[in-house]
Amino acid sequence: MAENNVPYKIYLTEDEMPKAWYNLRADMKNKPAPLLNPGTGKPLTAEELSPIFCDELVKQELDETTPFIDIPDEIRNFYKMYRPSPLVRAYCLEQKLGTPAKIYYKFEGNNTSGSHKLNSAIAQAYYAKKQGLKGVTTETGAGQWGTALSMACSYFDLDCKVFMVKVSYEQKPFRREVMRTYGASVVPSPSETTEVGKKILAEHPGTTGSLGCAISEAVEVATRNPGYRYVLGSVLNQVLLHQSVIGLETKTALDKYGIKPDIIIGCAGGGSNLGGLIAPFMGEKLRGEADYRIIAVEPASCPSFTRGTYAYDFCDTGMICPLAKMYTLGSSFIPSANHAGGLRFHGMSSTLSQLYHDGYMEATSVEQTSVFAAAEQFARVEGILPAPESSHAIRVAIDEALKCKETGEEKTIVFGLTGTGYFDLVAYQKYNDGEMTDTIPTDEEIAASIAKLPKVPEI
Ligand SMILES: *Cc1c(COP(=O)(O)O)cnc(C)c1O
């Protein structure tokens with residue numbers, strides 16, 4: 001088998017880097033449900049979306065038929081600074097686990113933002129610049145997206161305003177300094193600088209914030225300031241499109257050695273890294289050319305796939321954003337502040353939601369103490385300090401590899417290692433001190449936020 005000669009790291013050449021993004025929706029028979037105007041309940045048109053998003057990104061958002069969309073040279077050139085990213089054979093982890101499984105991970109933490117988010121940030125900044133805009137606004141949770149966007153904006157000389165979830169702003173002051181070094185302004189959310197922020201603060205004094213709140217604030221500032229648009233780091237179709245570089249590179253690297261994965265695993269917050277990683281594999285599955293087990297891993301404290309409802313919901317807490325049909329815990333759901341590991345969004349990409357609903361992928365949820373145990377185990381043998389988000393995927397990759405140990409099956413497992421955990425050391429400290437606990441929402445808590453889902457006529 002060629003697999004015996006697989007190097008620790010499979011690197012591609014610059015020329016083997018994708019020249020076009022792959023738009024998974026083109027191969028879906030059941031397309032993801034359209035975004036709705038919360039006022040009229042009708043699908044949003046490009047005209048209605050253009051005050052919020054850049055024109056070219058609106059086009060990508062609404063395009064469900066073009067399978068490949070060329071990556072502009074300016075973006076490809078930026079990608080070359082940190083891509084192609086390595087696909088690593090986790091020989092040391094396999095040995096440590098004593099598993100016959102073959103484990104590979106696609107490492108996206110090899111840039112200053114420390115995550116895959118730069119893949120979409122640079123694309124979104126490019127289209128904003130091309131449209132002649134002054135700047136963009138956004139939200140950030142753990143801070144990777146804000147950092148990635150700050151880097152992308154400084155590259156294209158755009159202003160960047162970041163609303164950072166308050167709990168992260170306080171827990172991760174150094175993230176803020178990286179963003180400021182790249183020229184961004186960073187405001188803890190909810191803030192008194194927006195109408196929606198004031199309203200949320202009045203209703204929930206002392207709230208530690210949520211991604212949903214921060215999105216509302218960022219959208220308000222973008223739509224009230226001429227020359228600004230809002231950009232989002234996950235959930236949207238356009239973000240999954242840009243993140244397809246992860247999966248396309250992974251597929252090229254595996255094909256080079258004649259390797260076919262059995263199981264593909266990714267952590268799922270809003271679904272962008274997972275959507276990107278699985279894109280070309282899911283495409284084959286949808287076209288009936290190949291079959292793979294695909295597993296989304298989410299935190300037990302924010303379990304949108306495994307305990308959410310498939311329905312139209314707001315993407316934000318302030319209920320000013322378009323409605324998306326997705327697996328959701330309700331836009332008023334705020335995960336426990338005890339939860340340290342990112343992946344805090346209440347909903348899930350509508351593309352992945354549709355695929356999950358149609359049975360093309362599985363989902364599972366894991367508790368954070370077991371996630372950090374996996375992170376520690378991985379760090380000690382593979383030499384990378386993983387992001388807590390990524391460690392959700394590590395947890396399930398290890399669990400699947402241990403199942404292979406019991407059955408003797410030599411399955412090939414691929415997972416997305418989306419980033420590094422250098423800014424998550426407060427959480428690691430808690431874990432190391434034995435003070436980390438698990439907070440899982442009760443059925444009543446989830447039912448309470450689901451009860452507030454908007455009423456939408458079936459379309
Ligand atoms: C943001 C982030 C995630 C989760 O976001 P998705 O859109 O679900 O991919 C996962 N890992 C890292 C390191 C992140 O920064």
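Determine the gain in length on full extension of the stretch residue 437-residue 181; use 0.36 nm per residue of separation and subtract their C-alpha separation, reporting nm with one decimal.
That pair, residue 437 and residue 181, stretches by 88.8 nm at full extension.
If a cysteine in the chain has no other Cys Cβ under 4.7 Å from its own Cβ, put it on the list, ordered by number.
Result for the chain is 54, 92, 213, 267, 302, 404, no neighbouring Cys Cβ within the cutoff.
Could you sort the peptides 425-433, 158-166 by per-residue average Cβ neighbour count (10 Å cutoff), highest mean leading?
The packing order, highest mean first, is 158-166, 425-433.
How many angstrom lie between the Cα centre of the range 28-80 and the Cα centre of the range 384-411?
Their Cα centres are 34 Å away from one another.
What FRET efficiency, computed as 1/(1 + (r/R0)^6) with R0 = 51 Å and r the Cβ-Cβ distance, is obtained for residue 47 and residue 8, rounded to the nearest 0.05?
The formula returns an efficiency of 0.50 here.
May I ask for the equivalent-ellipsoid semi-axes of the chain, computed as the square root of five times each C-alpha gyration tensor eigenvalue and listed largest first in whole Å?
After diagonalising the Cα gyration tensor, the semi-axes are 32, 25, 22 Å.
Taking neighbour counts of Cβ atoms within 10 Å as a proxy for exposure, in what order, fewest first, do 82, 169 appear?
So the ranking, lowest neighbour count to highest, is 82, 169.
For all pairs of alpha-carbon atoms in the range 153-302, what percent lies in each bin of width 5 Å, listed from the first bin to the last filled one?
2, 8, 13, 16, 16, 14, 10, 9, 7, 4, 1, 0
Rounded, prolate or oblate: which fits the range 310-369 when a ≥ b ≥ c are the square roots of the eigenvalues of the alpha-carbon gyration tensor, with rounded for a/c under 1.5 and prolate only if a/b beats b/c?
Taking the square roots of the gyration eigenvalues as a ≥ b ≥ c, the range 310-369 is oblate.
Based on the Cβ-Cβ distance of residue 77 and residue 284, what FRET efficiency does E = 1/(1 + (r/R0)^6) give at R0 = 45 Å, to the nearest 0.05?
So, using R0 = 45 Å, E works out to roughly 0.95.
Determine, for 274, 87, 97, the number of other Cβ atoms within 10 Å of each Cβ, and report the residues in order from fewest to most.
The order, fewest Cβ neighbours first, is 97, 87, 274.
Rounded, prolate or oblate: which fits the range 15-60 when a ≥ b ≥ c are the square roots of the eigenvalues of the alpha-carbon gyration tensor, with rounded for a/c under 1.5 and prolate only if a/b beats b/c?
Note, shape of the range 15-60 comes out oblate.
Using 7 Å Cα-to-Cβ label points, what is the residue 19/residue 157 separation (nm, one decimal)?
3.0 nm
Expressed in nm², what is the orientationally averaged projection area of the convex hull enclosing the Cα positions of the range 146-202?
3.8 nm²
Over the Cα atoms, compute the radius of gyration (one decimal) and Dmax (the largest Cα-Cα distance, rounded to a whole number) for the range 357-446, in Å.
14.8, 43
Where nothing but the Cβ of Lys and Arg (+1) and of Asp and Glu (-1) is charged, how large is the charge dipole of the range 157-306 around its Cα centre, in debye to the nearest 20?
With Lys and Arg at +1 and Asp and Glu at -1, about 100 debye.
Check each of the GluC sites (Glu not before Pro) in the range 227-302 and keep only those in coil by DSSP with at most 10 other C-beta atoms within 10 angstrom; list them in order.
The qualifying sites are 289.
For 29, 251, 96, what's the fewest-to-most ordering of other Cβ within 10 Å of each Cβ?
Ordered by Cβ neighbours within 10 Å, fewest first: 29, 96, 251.
On a 0 to 90 degree scale, rounded to 10, what angle separates helix 144-156 from the longest Cα axis of the chain?
The angle comes out near 80 degrees.
Can you tell me the orientation of helix 237-256 relative to the chain, as the angle in degrees between its alpha-carbon axis and the longest Cα principal axis, to the nearest 10?
10 degrees
Cα centroids of the range 169-217 and the range 86-112: how far apart, whole angstrom?
The two parts, judged by their Cα centres, are 36 Å apart.
To test your reading of the geometry: what angle, between 0 and 90 degrees and rounded to tens, separates the Cα axis of helix 211-224 from the longest principal axis of the chain?
Here the helix axis deviates by roughly 50 degrees.
Could you check the spin-label model distance between residue 26 and residue 407? Points 7 Å from the Cα along Cα→Cβ, value in nm.
The modelled label-to-label distance comes out at 3.5 nm.
Every read-out reported here was derived from the displayed coordinates using simple, explicitly stated rules and does not represent laboratory data. The model shown is predicted, which means the values in this text are computed figures rather than measured ones. We place every Cβ from the backbone using ideal geometry, glycine too, and count neighbours over all the protein chains shown.
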